[in-house]
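So the structure is just underneath, and the comments pick up after that.
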């Protein structure tokens, strides 16, 4: 039996990714799966390295690890932030009709979340 690499996604996760890949319109399912696996592996490696830093480097290491984690894995912009960027693009008038329609499709769900 061959030895499995220490950073190998669990079969359940691979199955989940494959199901998502097959639902993605006009996407290459293999590219989708490869991208997800690469992202997952990079996240695992980063977390393993930061755990070592936190363990070995003392008290200041926790803040250092948090800083690196935030820099290397920034959070996706919120729906509100995405809508504001789209609104600025529409207001600037620099987009063509297709891009403007995409901007409106970004703004619409943000507005729908607002209370009446």
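The values are calculated or read from the model by the stated rules, or taken from the named source; none is laboratory data. A quick note: this is a predicted structure, and the numbers were derived from the prediction, not measured. Here the Cβ is made from the backbone with ideal geometry for all residues, glycine too, and neighbour counts use every protein chain on show.
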The range 2-21: number of residues that are touching a helix residue (DSSP H, G or I) at 6+ places or on another chain (Cβ under 7 Å) and within 16 Å of residue 48 (Cβ to Cβ): 2
Counting only residues that are part of a helix (DSSP H, G or I) and within 22 Å of the chain's Cα centre (by Cα), the range 66-90 contains a total of 15
Scanning the range 91-110 for residues that are surrounded by fewer than 10 Cβ atoms within 10 Å (Cβ to Cβ) and assigned to a helix (DSSP H, G or I), the one nearest to the chain's Cα centre (by Cα) turns out to be 98
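To keep it simple, each residue is scored yes or no on (1) surrounded by fewer than 12 Cβ atoms within 10 Å (Cβ to Cβ); (2) over 17 Å from the mean Cα position of the chain (by Cα); (3) assigned by TED's automatic domain parsing to the domain that holds residue 101.
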{"site": "30", "(1), (2), (3)": "yes, yes, no"}
{"site": "47", "(1), (2), (3)": "no, no, no"}
{"site": "61", "(1), (2), (3)": "no, yes, no"}
{"site": "64", "(1), (2), (3)": "no, yes, no"}
Name the single residue that is surrounded by the most Cβ atoms within 10 Å (Cβ to Cβ) among those in the range 49-59 being touching a helix residue (DSSP H, G or I) at 6+ places or on another chain (Cβ under 9 Å) and at pLDDT 80 or above. 50
